[in-house]
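Nothing in this text is a laboratory measurement; each read-out follows from the coordinates by a stated rule. Quick caveat, the model's predicted, so the values are computed rather than measured. Every residue, glycine among them, receives a Cβ derived from its backbone with ideal geometry; neighbour counts consider all protein chains shown.
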Amino acid sequence: MIQAEHLSKTYVLRERNGLFRRKSRREVPAVKDISLTLPPGKIVGVLGVNGAGKTTTIRMLASLISPTSGSLTIDGMDAVKHHLQVKQQVNVISGGERNLYWRLTARENLRYFGNLYGLSGRALEDRIHRLLALVGLTEVQDTPVERYSKGMKQRLQIARGLINDPRYLFLDEPTLGLDILIAKDIRALILRLARERNKGIRLTTHYIQEAEELCDFLYVLEKGTVIAQGTKEQLRSLFQRPPKLVMQEPDLEEILMEILRQRAGGTAETDRAAGSAAPGVSPEEKTGGGL
Amino acid sequence: MKNIWLVMKAEIVKQRRHDYHSYFVWFSLLLWPVLGFLEVYYTYQPFSFAGRGGIQDSQDLLAFLGTGYMGYTCFWSMVQNAWSMSWEERQGGTLEMAFLTPANRLAMHYGKALGALIQEVWMFCCFCLFILFRTDTLRWDNLLLLPVFLGLLLLASTVWGGMVGALCLFSRDSSLIMDFLETPMNLFSGTRIPVSSFPLWARALSLLFPLTYCLQLIRMLLHIGEPGSQMLSSFLGLGLCMAAMIGITVWVTRRVERHNRETGELNFF
Ligand SMILES: Nc1ncnc2c1ncn2[C@@H]1O[C@H](COP(=O)(O)OP(=O)(O)OP(=O)(O)O)[C@@H](O)[C@H]1O
Ligand SMILES: [Mg+2]
C-alpha cells in the first residue's frame, strides 16, 4: 500500500533577468497538501486539466522527486528517506517516445535496465522474453528502437516499466497519441496487471473514457489540490443528474474499428503486423475474428 | 558487490552499442589526435634540443609526446563523453529512467567512464604504443612495464571520468566544464611541455590537474625526461589526487541526486 499524507511540492525557480542583475526567485506550488492511498491490485485514476499537478504527483510518489513537505510510505517504509530501497518496488511509464535508448534494440534496452535493477543471466533473459511477448514486440526485438513506430515505442516502454516486476506502477498518459486499437490493447493489459498480477496502478489520463473503463477510484486535481475523489458511482452521485435517454448514431470510433477489423487479415503493412501479436490479444481472437 | 559489477557492465555494453560504428569515427578517434601530435612534433623539430626536461633528441621528443598525448586523449575523452552522454541522456529521458532504478550511482558513473575509455581511445593508444616501440622506449626487456603503465592510465582516467560524469549531472549547462578544461589541461598538465620548464606560477597551476601526476609517473616508469626525479613523490601525488577525486565524486553524486530530486531537472535539456 502506498500512503501519501499531506504531500506538497513547491518548485523554486531562479530566473536571470539580464546578465548582471541578480537572479530572482520564484516559487511554483505545483502540488498542495495531497493525501491519497494506492492499494495493491487497484487502479487509481488522477484527472485534471493541463498543469494541475498530475505528473508532479506521480513523480513524487515514484520517488523521482522529493516532496517539499508531507510524508510518503510504501509498504510501511519511509519513501522519502529510503528512496533507493523503494525504487526496487515501483516503476513509471509515461506516454511519448522518450525514456528509451533509440540506438539500442528492444532487447538491449531491457537488458540494460534489467541490469540496473540487479537482474542478470537466465532470469533476466526469461523475463525479457516474456515481456516482449506480452507487448507483442518479439519479432522486432533485435531492431533498433529508432526504427519503431510510436505505438511500438510505447509498448516497449511498458515492457521497460515492468522489467523489475514492480509492485506499484505509475502510468502517465500511457495511451498518448496511440491509435484506438493499440490504446484498447494497452488498456486491457493495464486491467490484467491489476486484476491478475495484483499490481497497484496509478493512472493519469486526459481520456475520460479510459479512466471510466479502468479506474476503481478517482481523484480530480485542480491547481495542485484534490477537489473531488471517490469511486465512479460516488462521483456520479455528487450531482443528482437523471440518467439521459439518447438515441445515438454509431460513433466514428465504432465505424473505424469495424473498417480496421475487416481490413486486417494478416497484412504486413501496419506496425502491429510487424510487431507480431498485439498486446492483450489472445491467439484465438487473432486467428479467429482477425484483428 | 555483484550488483556494482553488473551496473558497470551494463553501462559499458550500452556505451558500445550506443556509439555509431561509422567510418567518421576514425577521424575523431584517430586521425585528429594523430594530426595534433604531428603538429606539435614538427613545431619542435626545427629547434635544437637544449636537453631541457631531459629531452636530448627527436627520439626523446617522440617518446615524450607519445606518452603525453596518450594520457591527454584518455583524460579528454572522459570530459567529452561525459558531456555528450549527459546531454543525450537528458534529451532522451533515459537519464531520469536510470535514476529511477536503485542502481549504485557511483557504479553508473565509473561504468560510463570505463565504457567510453575502452570504446574511444584504443585506436589512438595503439598509435602511441607504436611510437613508444619505435623509439625503443618500450622494448622486449621492459615489456613488463606495459601492463603497469596501461593499468595506471586506465585507472586514473576512469577515476577522473567518474568525477567529470558526476559533475555533468549538476546542470544541463555543464558544457562549461568542457570550455574550462580543454586548453588548460592540455597546457598545464605537461602533455607537450615538460612541467619542469614552466615558470613557477604555471607549475603551481599544473598541480591542480590529476593528469600532471599521471603523466609524471608514466614518464618516470618509462625513463622519459629528467632522470633522478622522485618516483615516490609522484606516486604519492597521484594517490592523493585519486583519493581526492573519489571523495569529490561521492560527495557530488549525493549532492546531485538531492538537487535533482528537489528541482526535477534531470530531464531538462
Ligand atoms: N521541474 C519543474 N520545475 C518547475 N516547475 C515545474 C516543473 N515541473 C512542473 N512544474 C510546474 O508544476 C505545475 C504542475 O505541472 P505538472 O506537470 O504536474 O502538470 P500536469 O497535471 O501533469 O499537466 P499535463 O496534463 O499538462 O501533463 C505546472 O505549473 C508546471 O509549470
Ligand atoms: Mg503531465
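Quick look at the values:
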{"read-out": "Sequence-distant aspartates and glutamates (8 or more away, or on other chains) whose Cα lies within less than 19 Å of residue B:2", "value": "A:125, B:11"}
{"read-out": "Rounded to whole Å, sorted largest first: equivalent-ellipsoid semi-axes of chain B, Cα gyration tensor", "value": "34, 19, 17"}
{"read-out": "Peptides A:39-48, A:157-166, A:2-11, B:30-39 ordered by average Cβ neighbours within 10 Å, highest first", "value": "A:157-166, A:39-48, A:2-11, B:30-39"}
{"read-out": "Under 11 Å, Cβ to Cβ, from residue A:200 - net charge with Lys/Arg +1 and Asp/Glu -1", "value": "+3"}
{"read-out": "Residues whose placed amide H lies under 5 Å from that of residue A:45, excluding near-sequence neighbours", "value": "A:203, A:216, A:217, A:218, A:219"}
{"read-out": "³J(HN,Hα) computed for each position of the stretch A:61-72 - Karplus, 6.51 cos²θ - 1.76 cosθ + 1.60, integer Hz, glycine/proline x", "value": "5, 7, 6, 7, 10, 9, x, 6, 8, x, 10, 9"}
{"read-out": "Residue list for the stretch B:110-139, given a label point 7 angstrom along the Cα-to-Cβ vector of residue B:26 and an amide N cut-off under 15 Å", "value": "B:123-124, B:127"}
{"read-out": "Charge dipole (debye, nearest 20) of the stretch A:2-232; +1 at Cβ of Lys and Arg, -1 at Cβ of Asp and Glu", "value": "840 debye"}
{"read-out": "The protein assembly as shown, dipole about Cα centre (Lys/Arg Cβ +1, Asp/Glu Cβ -1), debye to the nearest 20", "value": "1140 debye"}
{"read-out": "Quarter of Cα convex hull surface for the stretch A:51-137, i.e. mean projection, nm²", "value": "7.4 nm²"}
{"read-out": "Neighbouring partner chain Cβ atoms per residue of A:151-163, average, 10 Å criterion", "value": "1"}
{"read-out": "Rounded to 10°, Cα long-axis angle of helix B:105-120 versus longest principal axis of chain B", "value": "50 degrees"}
{"read-out": "Principal axis dimensions, the protein assembly as shown - Cα atoms, whole angstrom, descending", "value": "102, 56, 44"}
{"read-out": "Radius of gyration, Dmax [the stretch A:125-198; alpha carbons; angstrom]", "value": "12.0, 34"}
{"read-out": "Helix-only mean residue ellipticity at 222 nm for chain A, each DSSP H run of n ≥ 4 adding -39500 (n - 2.57), per residue, nearest 500", "value": "-9500 deg cm²/dmol"}
{"read-out": "Length released on extending from residue A:222 to residue A:179, taking residue separation times 0.36 nm less the Cα-Cα span", "value": "12.7 nm"}
{"read-out": "The stretch A:2-232: antiparallel DSSP beta bridges as a percent of all, rounded to 5", "value": "55 percent"}
{"read-out": "Degrees separating the helix B:58-92 axis from the principal Cα axis of chain B, which is the longest one", "value": "10 degrees"}
{"read-out": "Electrostatic dipole magnitude of the stretch A:119-274 [Cβ: Lys, Arg +1; Asp, Glu -1; Cα centre; debye, to 20]", "value": "520 debye"}
{"read-out": "18 Å reach of a label modelled at residue A:257, 7 Å along Cα-to-Cβ, counting backbone N of the stretch A:188-230", "value": "A:188-192, A:207-215"}
{"read-out": "Part-to-part distance (alpha-carbon centres) for the stretch B:120-142 and the stretch A:165-211, which is given in Å", "value": "57 Å"}
{"read-out": "Averaged over B:80-92, number of beta-carbon atoms from partner chains that fall within 10 Å", "value": "1"}
{"read-out": "Neighbourhood charge, 13 Å Cβ-Cβ cut-off, centred on residue B:132 and excluding it, Lys, Arg +1 and Asp, Glu -1", "value": "+1"}
{"read-out": "Charge tally in the Cβ shell below 14 Å around residue A:74, where Lys, Arg are +1 and Asp, Glu are -1, residue A:74 excluded", "value": "+2"}
{"read-out": "Cα centroid separation, the stretch B:32-84 to the stretch A:74-122 (Å)", "value": "44 Å"}
{"read-out": "For chain A, alpha-carbon Rg and Dmax in angstrom", "value": "20.9, 71"}
{"read-out": "Rg/Rh (Cα only; Kirkwood hydrodynamic radius) as it applies to the stretch B:121-241", "value": "0.99"}
{"read-out": "Percent of beta bridges antiparallel (DSSP, the protein assembly as shown, rounded to nearest 5)", "value": "55 percent"}
{"read-out": "Stretch gain in nm, segment residue B:56-residue B:150, where the contour uses 0.36 nm per residue and the Cα spacing is subtracted", "value": "31.3 nm"}
{"read-out": "Across A:150/A:184; A:9/A:81; A:87/A:199; A:54/A:199; A:9/A:232; A:87/B:112, pairs whose alpha-carbon gap is larger than 25 Å", "value": "A:9/A:232"}
{"read-out": "Alpha-carbon centroids, the stretch A:223-258 and the stretch A:128-156: separation in whole Å", "value": "34 Å"}
{"read-out": "Nearest-ten-degree value, helix B:145-167 long axis tilted from longest Cα axis of chain B", "value": "40 degrees"}
{"read-out": "Amide proton proximity set for residue A:93, modelled H, under 5 Å, gap of 5+", "value": "A:170, A:171, A:172"}
